[in-house]
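Heads up, the thing below is written out as structure tokens.
The values are calculated or read from the model by the stated rules, or taken from the named source; none is laboratory data. Please read these numbers as outputs of a predicted model, since none were measured by experiment. Reconstructed Cβ throughout: ideal geometry from the backbone, glycine too, with neighbour counts over all protein chains shown. Heavy atoms of the whole protein, side chains included, go into the accessibility calculation; ligands, DNA and RNA do not. Shrake-Rupley method; radii C 1.70, N 1.55, O 1.52, S 1.80 Å.
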Amino acid sequence: MLLSSLLFMVSCSDEDFLKEERKDAFTTENAFLNKAQFETLLASNYRILQTIYNSGDADSDPWVLGLGTDVCFWPLGDTQAYNDWNLVTPFEAYTDRWVSWQYQFIRNSNTVIDAAQKEGVEWNSNEERDAIIAEGKFFRAFAYRNLANVFGGMPIVNEPVTEPKVDFKRNTREECWQFAKEDLEFARTYLNTTAKYPGKVTKAAADHLLAEVNICLEDWDGAIDAASRVIDGKDGDYQLMTGRFGTRANETGKNIFWDLFRMGNQNYETGNKEAIWVAQFEDKLSGGTVNFGRPTVERTWWNRIWNFRKAGYNGVAPDSTGRGASFVRPTDHANFTIWKNTGNDLRNTEAVIKRKFYFGADVPPYAKGDLIPKSFLTAPEDTLQFVYPNWSKFGTDKHIDGKPDNGYIRDFYVMRLPETYLLRAEAYLGKGQKNLAAADINVLHTRAQSPLISASDIDIDYILDERMRELLGEEFRMLTLCRLGLLYDRTKRFGYEPARNSIKEKNNLFPIPQRVIDGNVGAAIEQNPGY
Amino acid sequence: MNGVVTAFDGSYSISVSTANATLVFSYLGLKTKELKLEGQTQLNIMMEEDASRLDEIVVIGYGTTTRKDLTGSVSSVTVENSPLAIQSTTNLLQLLQGTTPGVDIGAISSAGGSPGLLVRGQNSISASNAPLIVLDGVIFDGSLNQIGNDDIATIDVLKDASSAAIYGSRSANGVIIVTTKRGKSEKPTISFNHYTGVQNWTRLPKMKSGDEFLKYRADNLSLRNVTDLSTENILSAKEYAAYQAGHQMDWLKEISQFAPIQNYQVSISGRTDKTNYYVSGSLLEQKGVLDGDDFTSFNLSAKIENKITDWLSYGLTTRYDSQDYTGFSPNINQATGYTPYSYKWLQGREGEVLDKYPTPSLLVNPYSNFYNDDLDKRWGIRGTGFMKVEIPGIEGLSFKTSYTQSRRVFDDGFFAHEMSFVNPDVESQLSDPQQFLDRTSGSKSTTTSNSWVLDNVLSYDKSFGNHKITGLLGYTKDKFEREAVSFSGTDFKEAGSSVLGFYGLQFANPERKGGGTSITESSNVGYFARLNYIFKDKYHLTATYRRDGYSAFSEGHKFGEFPGVAVAWTVSEEDFIKNGIPQINHLKFRASYGENGNLGISPYETLAGVSGGATIFGDQTFNTINQSNLANKTLSWETTTSLNLGVNFSLFKNRVSGDIDVYKSETTDQLLSRRLPPFTGFGQVRTNIGQLDNKGLEVSLKTVNVSSKDFEWSTGMTFWYNRNKLVSIVGIDADGDGIEDDDIGNRWFIGESLSSIYDFTIDGVVQTEDSDYLDTYGGNPGDLKIVDINGRDNEGNLTGEPDGKIDADDRSIIGNSSPNYRANITNTFHYKNFQLYFDINIVSGGGKGNHYLSGNQRAFLGTSTNNNHVANWISGREYWMPDNQSNIVPRPNYSNPFGYGFYQNRGFVRLQNVSLAYNFDDGVKELLGVKELKLYLTGKNLLTKTDWVGLDPENAGQLASSSPVIRTFTLGVNLSF
């Protein structure tokens, strides 16, 4: 034993003995060397995208969809942030989270862009490499648009961070948009026209985003050209769906706007020709959801009729109503005002926006199944929580496995062709060509069987209302209103009352999260005015 | 001069040349006795245990010394045969609680749990602060609850840098050396130790019920736009049914269980002149205070040492240990918030189907794991062999090589059966749980750690004349690897049943099962040397050096060097005291200085790692991967340099004795985990930068107050405190004021304590009539009244004056989370055969720095956001309402928009241990034929005085989010023959 331990001591040098080798995981040295590995790296950006739609409960996910603005609000108390805009401070958590996600996109994208150009990477062709780089640049542009729209200028990071850098400085908002534009010009050139898998970005997605960024830069022609490439089929065959389609197309009494949000109907690859970019969700599949086993969209947006005790409900949700929790209620502007003078707009039919609710049991003088009349809804909570319009785009009457609480799992439109029309209309308006703007909106109206409008009807308010009719709960309303500088104005006029009373002009830009400022110890990150 | 060794039964014979010879009787651990023969031919002596602390053996790294010769700051705790031995503790660290100044031990809050441990404060800002544990001379990487308390002989804590330096790279956080029992008598001793007891919560909070609960619910909803506050409307349908049936639950009581604890230990030990052996087995069965918290541990150990020739000896130790933590405890968070108007079981299906959702909210039955399977078993085996050679020809020189191999296995399993997915309120689900088979899922994993340690030490020990020299040279290397294999599966629809649980995962849907493998490896090498020199028992010098390498540091930066030196002067050996001041029995001054290293990072932290996950495209799963951390190509040691000054004294015939130490340390090249700005895309990075200083005072005092034939009373006192100060972090002075900037994001403030609490200043709660405040700052009555303490001028510089708005500038350092000081008082009384022991533990907050604050949000706000409109809350605590305006607790729906931490002082005074023991008379023992017979009663954590609201202050126990600290009563017996 003595001998063997002596032998052992001399037989192995200290250097060899202490050498560290990772045997069970990749490092940056060996993780990004071929196309398959880059695809895997890019896939992490799609994971972040899923997270945006499926990270928190309550009013968390709807934040970016316009919480507290002209589209929706928290009906369960007036003294919290976004009903009370005074509480939107640098300590507010949703804005903080938003910054982190964007810089994770940027980190991953910078790794892609940088590593793909390194020597020693196996590529079959330059096209293959450029398409990978283009996808990285698309996400980087997406992130800078997500940042610049709500915060104004943020630091531009255009290469991988390899040192613990703590002295970032804010760029201007224009520089961010311009940076995004350059990335998107590259992306639209080198991305493929059709996606290899559902959910992957394409040329059309790049042009769609470029249209918006060009609007931000007031490059109206650039915006019109980009949108037109999508609309005119240059980026692929995109068309508005006009007839019934998809998994439940045979059910009567419904229409195209109902079909668009049935489970399984969102992807271009399964026949939805207006889907440009779709965030992917799937039940019971590894990577299929992020939190809670499903995005909480139905729970979040729908009313809790199933627990409306005084109307005869017992608190057990059936498949037919779903199990809404009324965390977020569309504003009265969204539910009612925007539908004035819209004739028989298909988007406002009972199938698409359910407005009628019925007694769950006999409540004398009413019988089970009677329509709950307005006169019955006397307490404020009655219409804030229990009976308000349920938009069918947020839920279903036939849940997976019949489970009303978490059986609605569909994909989310990040970009849909109607928005491309709306972006082009906005650009035409910017350029002063109201007739062309009206024509684009009338394309949507024609499909919706809504009365056509004329050039004189067009202004930015009209476009923003049309966005609500078409895209409520889909578009990143916070970003739209902030980029237009109208978050204050629209909320002041159309928001929930406590929000109207507390919103201030400074809210057109969000506060830079204090954690971001505190963490950047090497240089000052200037706070936005008023915070 | 000649000598002999006694025979097995203690008999001896010796030939002497004169009738007036002197016989010297000596044995390790016993008092040496000298007797003059004075013509006698038979001399029977009874040896006594060595009671003087000065001759106590103190275990230092790779060797031992005596307290008399010690130069460093080492606290020794004798467990064997002391009042500590019968304390009802399940983890030996608790034996140090309060008895060793400078060592902070936390509370235990679950069966088989381990307490927190910190020696001389926090040296490292963000690397590990865990002390090194050494078991019977070998570095130990396991958990201390793998060792039965009844096997412990002594615990020694190396606190100062020079003592610890022998363990170089791992010593900066202190070294705790555990030594197990050895054979003591030639006659084999068989011991049986047993205790049995019960446990409960130290503080069981009372939740609201009845009218108080209803009022809280109504108040809560009234602030959330609900106007119909009738009982029928504010309760859910199911709650209302329970209400009408007059049924209420006390959920915290419901989730508590009768919690017995039982421990058995048997040992056989003995020694001969050539051999020493100790064999033991122990079994501990403990139920925690929460229902289902169940712990069983079993230990077996054997230790044998044999001297085969004059120059060669060997030894072998093996230990087997197993712990079983299997079982679920109910969710204490849910139980705290759960409505009292609810049932545990579905009516008519008691014991079979849980009543799950009493309200339409996220509140679910605390027993939601009732349908699930759990497995959590661990076992380990560890063997040490050594061989020691007394090198012929050079007296005092010896070489010892020892090799330790250990293996630990963790077995984990989990399975969720279909019933966990059933909503019992839906008949179609309840009648057909099988429909959820596609949701059932489980996992099983086995984690195996293998490690070995090789120590080679050359020692020299020699006295000549007035000189005494001991020295050693050593080389050590060790290797650790941990491999894990796991498998998981979901969807057992095609299998048709989930009854096989986690052992039948192979029957899961083929598309939804899979596994993973992993391995982590690390290794160390070390070279060390130590020299002790003592002149005339007065002047002591110790010099230590160690060079260490650790695999997890960057290439080319793996090695560090750690020297230490200590001197001591035993003044009491000087003639002027020896002859002049008889009141002083012992007085020694010590000074030491040294450098210690900290390697407290995990393997691979210096590499730019990537981490992965999954996403989908369409209905296909794809892997994702992204860079998860920044690389660091120069990461190396964190070093603590410290100075220790100390004195040991023993006065008035040893009636008063004690130690006082002061220390100051600087920890540089911090293995700092810096939080990075989100712009980098990374959360944090590990770098060698920054400096944290610690200083402190430690006092321990022992007095023998009364010492008479039948009655003895002794008192021990300890007092210590530690303060740290952040000297520098990354050295950035962006604002150009010549002082390094604070890093507010990390809560690091230059010149301040690392445990500083940085937050808003609160002046109660905004009242309805505070219109000035509301007009200026906005908000609503019932909000926290945050004080506007600072603002900025036009150039953006802080003014120190209010500016009419509440913002980030209004934060400041408002307190400190570390204690002001800790103190402990023990009293031991012996009266005839009785021994009474108790100790009072004091952890003090407050003071100039507003110490020992801890966030206690649950004492101010209801439970988590999604449930707070329906959840229950603590009884009897007033909260703000428009018609009853509290100035302490805000309105029940306050959303805490500034993220305030709601601090409370958690200082406490506790009657920590009480024991009463009875030793039977010799006559009785003889009659029974036993060597020792002792009966005892103990209690732990009996009384606590504190201002903290919620659970136990010792673990900063917050309502709903912490586990209960355990109070224990036991009855025990020690028997040996």
Using alpha carbons only, how many angstrom separate the centre of the stretch A:136-154 from the centre of the stretch A:205-263? 22
Sequence gap at least 6, Cα distance under 8 Å: using those rules, report the relative contact order of chain A to the nearest whole percent. 21
Quick query: amide H of A:ILE353 versus all other amide H atoms, modeled in the peptide plane; which residues come in under 5 Å with a sequence gap of 5 or more or a different chain? A:SER392
Percent relative contact order of chain B, based on C-alpha pairs within less than 8 angstrom and at least six residues apart? 11
Accessible area drop of at least 50 Å² (1.4 Å probe, protein heavy atoms): which residues of the stretch A:393-407 qualify, relative to the chain alone? A:LYS403
Please calculate how many Å² of accessible area the stretch A:405-461 carries per residue, with a 1.4 Å probe and no DNA, RNA or ligand atoms counted. 32
Please arrange A:ARG477, A:ARG500 by accessible surface area, largest first, computed with a 1.4 Å probe and ligands excluded. A:ARG500, A:ARG477
State the Cα centre-to-centre distance between the stretch B:619-665 and the stretch A:475-529 in whole Å. 45
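Over chain B, with the other protein chains present, what is the accessible area per residue in square angstrom, probe 1.4 angstrom?
I get 41 Å² per residue for chain B.
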In the stretch B:620-663, which residues have a backbone nitrogen under 20 Å from the label point lying 7 Å from B:ILE581's Cα in the Cα-to-Cβ direction? B:645-662
Please arrange A:TYR496, B:TYR539 by accessible surface area, largest first, computed with a 1.4 Å probe and ligands excluded. B:TYR539, A:TYR496
Let me have the relative contact order for the stretch A:297-401, percent, based on Cα pairs under 8 Å that are six or more residues apart. 37
At 222 nm, what helix-only mean residue ellipticity would chain A give, in deg cm²/dmol to the nearest 500, using -39500 (n - 2.57) for each DSSP H run of four or more? -12500 deg cm²/dmol
On a 0 to 90 degree scale, rounded to 10, what angle separates helix B:210-222 from the longest Cα axis of chain B? 60
Chain A: DSSP helices with Cα axial extent of at least 27 Å and average Kyte-Doolittle hydropathy no lower than -1.0: A:35-53, A:93-116, A:126-151
Given q = 0.04, 0.05, 0.08 Å⁻¹, what are the Debye log10 I(q)/I(0) values for the protein assembly as shown, with equal point scatterers placed on the Cα positions and solvent ignored? -0.31, -0.49, -1.15
Rounded to the nearest Å, what's the spacing between the alpha carbon centres of the stretch B:675-717 and the stretch B:781-837? Just the number, please. 19
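Can you pull the percent of the stretch A:436-531's accessible area that's carbon plus sulfur, 1.4 Å probe, other chains left in place? Walk me through the intermediate numbers first.
Numbers: 1660 of 3180 Å².
Within the stretch A:436-531, the accessible surface is 52 percent carbon and sulfur.
With solvent modelled as a 1.4 Å probe, how much accessible area in total do chains A and B shield from it at their shared surface, in Å² to the nearest 100?
8300
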The stretch B:561-588 scanned against label point 7 Å out from B:TYR539 along Cα→C-beta; backbone N under 12 Å for B:568-570
Obtain the nm distance between the two label points defined at A:ASN158 and B:ILE391 by a simple spin-label model: each point lies 7 Å from its Cα along the Cα-to-C-beta direction. 6.8
Virtual spin-label span in nm between B:VAL727 and B:LYS187, 7 Å along Cα→Cβ: 6.0
Do the alpha carbons of any pairs in B:LYS184/B:LYS303; A:LYS273/A:LYS431; A:LYS284/B:LYS493 sit beyond 18 Å of each other, and which pairs? A:LYS273/A:LYS431
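Strictly over 22 Å apart at the Cα level, which of A:LYS340/A:LYS374; B:LYS653/B:LYS709; B:LYS68/B:LYS695; B:LYS307/B:LYS931 would you flag in this model?
Check vs 22 Å cut-off fails for B:LYS68/B:LYS695; B:LYS307/B:LYS931.
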Suppose each label sits 7 Å from its Cα in the direction of the beta carbon; what would the B:LEU645-A:ASN34 distance come out to in nanometres? 6.8
Filter the trypsin sites (Lys or Arg not before Pro) in the stretch B:646-682 to those in DSSP coil with at most 14 other Cβ atoms within 10 Å of their Cβ, and list the result. B:LYS653
Round to the nearest 10 and report in Å² the accessible area of A:THR349, as given by a 1.4 Å probe over the protein chains' heavy atoms. 40
Within the stretch A:206-236, which residues have the backbone N less than 18 Å from the label spot 7 Å out from A:THR193 along Cα→beta-carbon, could you tell me? A:206-208, A:226-236
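List the pairs from B:LYS159/B:LYS588; A:LYS310/A:LYS393; A:LYS35/A:LYS165; A:LYS354/A:LYS504; B:LYS181/B:LYS400; B:LYS468/B:LYS702 whose alpha-carbon separation is above 25 Å, in the order I gave them.
A:LYS310/A:LYS393; A:LYS35/A:LYS165; A:LYS354/A:LYS504; B:LYS468/B:LYS702
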Which residues, if any, in the stretch B:644-693 lose at least 50 square angstrom of accessible heavy-atom surface (probe 1.4 Å) when the other protein chains sit next to their chain rather than the chain being alone? B:PRO677, B:PRO678, B:PHE679, B:THR680, B:GLY681
Ordered by number, the residues of the stretch A:152-169 that have at least 40 Å² less accessible area in the complete protein assembly than on their own chain alone (1.4 Å probe) are A:VAL161, A:PRO164, A:VAL166
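When the accessible area of the stretch B:53-183 is split by element with a 1.4 Å probe, what percent falls to carbon and sulfur?
49
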Could you work out the Kirkwood radius for the stretch A:297-401, taking every pair of different alpha carbons, averaging 1/r and inverting it, reported in Å? 14.3
At a 1.4 Å probe, what is the % contribution of carbon and sulfur to the accessible area of the stretch A:297-401? 56
